[in-house]
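The values are calculated or read from the model by the stated rules, or taken from the named source; none is laboratory data. Quick caveat, the model's predicted, so the values are computed rather than measured. In this analysis, Cβ positions are derived from the backbone assuming ideal geometry, glycine residues included, and neighbour counts consider all displayed protein chains. For accessibility, only protein heavy atoms count, side chains too; no ligands or nucleic acids. Shrake-Rupley method; radii C 1.70, N 1.55, O 1.52, S 1.80 Å.
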Amino acid sequence: MTSSWRLFVRRVGSDWSYQYKALRLAVDWIVALYVVIPLMLVAGYHYITWLHTPPAWFHLFTLPMVAAVLYVFTWMGTIRYFVEEGDQLFLRQNQSWFRHLMVLGYRYSLVLQGVTTLLLVALLLPLLYQNFSFTAAAVANLFVLTYLLKVTLGLARQLLALHLYGIVLWLLRIILFTGAFFLYEDIVAHIIEQPVFSWCGMLVLLVLFVVLSRVRLAQKGAFFADIARESDSRMRIVSLMLIRVVKRRIRPTRKYPLLFGRSQRLFRGAGAASGLSDFLAKSYFRSGTQWRFTVQFAVVMGAALFFLPGTLKIVIWVVAACMLAYWRKRFCKEEMNASFLKLFDIQDAAKHQALQAVTPILVMPALLLISLCAGISMFTWWGPLLMLGAAVPLAYGSSSVFTSWY
């Protein structure tokens, strides 16, 4: 047994011991004896029963729902390499040891991802077998396809995070998440009738996985990112119990903002309301957190519109506009409570005027995307044009209602 192998085994054992101790903090022997074990026995009994006799509520689940659950699972988890901060002093000087440690961690992660994928597919087996008439071959194809997608997405997300940051990274993640989901869902929908689609998908994913693996293992300058990822993975259970404890990461900063880098005026006028409107608009559009939440909300709401009937689409569209207007108002009021603004004598009337002027503009980006999805979901050529045209008055109308009081 080589020294790098012994180091890897020691670190894996330390990780498992740490996770066990973390679980002991949340689940002591009394909870395990009187809650966890009985629940596991009851769940096991129902699992075996459902394999032979499905319950009546199984028909409520559709294959796209199962595909969505499996796909969200593929987006979770990561590939670990078991590197630590102390390796910078000694281990990195020995490149053969360090690379062997990373390769061992990489292989360990692949095995662990395969085991968790197998457990999830096995958990869904009664539903797949009884409700969708999956054969053994179809279940095997689903497992391999899901596993290859999980490890390939894990490597792709790592490479994106190493080379990009900020809103560009989040937009590419959204595009990757959405595009891969529709491809995966379409393959799963035809996995029984046309298994050749799943075979082609597995072949493409296998090629991508091999290429991305070679690129990732040969990546230079990823040491500190691997340390941060290892720390997050080690704290995955503890973080659930200490959800309010946040470790701040040092992020690269731009010399000038990406948007409005020249600090140009956005609103006409010379009063306090005009300047405050500029401040609120730039604070919002320069905030990566606000953009991330905006894109996530718009994608979720837009995707939901494709599964709703016509009348309910309009209701959800209006509700989304009202929610956006309310959230933007709260954001603006929080920004106007900034400590440096208290140095200026800004009257409530000027704050209210700024709030009324800027809120529709902040609502517009997300509402336009949701309106576009609503129009496309109507499957007509005039649907997108109609909904995009109606988004502007809806943004101003909903904002006017929620900003009618300060």
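Quick notes
- Summarised in one figure, the compactness ratio Rg/Rh of the range 304-346, Cα atoms and Kirkwood Rh, is 1.35.
- Karplus-derived HN-Hα couplings along the range 148-157 (A = 6.51, B = -1.76, C = 1.60, θ = phi - 60°), whole Hz, x at Gly and Pro: 5, 5, 5, 6, 5, 5, x, 5, 4, 5
- Cα gyration tensor shape of the range 287-366, rounded if a/c is under 1.5, else prolate or oblate by comparing a/b with b/c: prolate
- In this structure, the residue pairs whose Cα-Cα separation is over 25 Å, taken from LYS282/LYS329; LYS282/LYS333; LYS220/LYS282; LYS21/LYS220, are LYS220/LYS282; LYS21/LYS220.
- Among the protein heavy atoms, those of GLU334 account for about 120 Å² of accessible surface (1.4 Å probe, every chain in place).
- Listed peptides 149-157, 312-320, 183-191 appear in the order 149-157, 183-191, 312-320 once ranked by packing, highest mean of other Cβ atoms within 10 Å at the front.
- Take VAL42: with every protein chain present and a 1.4 Å probe, its accessible area is about 80 Å².
- Accessible area ranking (1.4 Å probe, heavy atoms, ligands and nucleic acids excluded), largest first, for CYS200, CYS332: CYS200, CYS332.
- Coupling constants for the range 326-339 follow from the phi torsions by the Karplus curve (6.51 cos²θ - 1.76 cosθ + 1.60, θ = phi - 60°), and in residue order they are 5, 5, 5, 5, 5, 4, 5, 5, 5, 5, 6, 8, 4, 4 Hz; glycine and proline get x.
- With Cα atoms, 0 to 90° folded angle of helix 166-189 axis to the chain main axis: 50 degrees
- For the range 99-149, the mean projected area of the C-alpha convex hull, equal to one quarter of the hull surface, is 3.7 nm².
- Dividing the alpha-carbon radius of gyration of the range 185-236 by the rule-of-thumb value 2.2 N^0.38 Å gives 1.72.
- Using just its DSSP H runs of length 4 or more, each adding -39500 (n - 2.57), the chain gives a mean residue ellipticity at 222 nm of -24500 deg cm²/dmol after division by all residues.
- Under the combined filter of DSSP loop state and at most 16 neighbouring Cβ atoms within 10 Å, the range 83-153 retains these chymotrypsin sites (Phe, Trp or Tyr not before Pro): PHE90.
- Annotation: per residue accessible area for the chain equals 59 Å², rounded to a whole number [probe 1.4 Å, protein chains only].
- Here SER283 sits with roughly 30 square angstrom of accessible surface, probe radius 1.4 Å.
- The range 40-165: C-alpha gyration tensor shape, a/c 1.5 cut-off, then a/b vs b/c: prolate
- Against the main long axis of the alpha-carbon atoms of the chain, helix 195-217 sits at an angle near 80°.
- Surface share of carbon and sulfur [accessible, 1.4 angstrom probe, percent] for the range 281-350: 66 percent
- Size estimate for the chain follows the Kirkwood approach: the inverse of mean 1/r over distinct Cα pairs works out to 25.4 Å.
- Axis of helix 3-26 versus longest Cα principal axis of the chain: the two differ by about 60°, to the nearest ten degrees.
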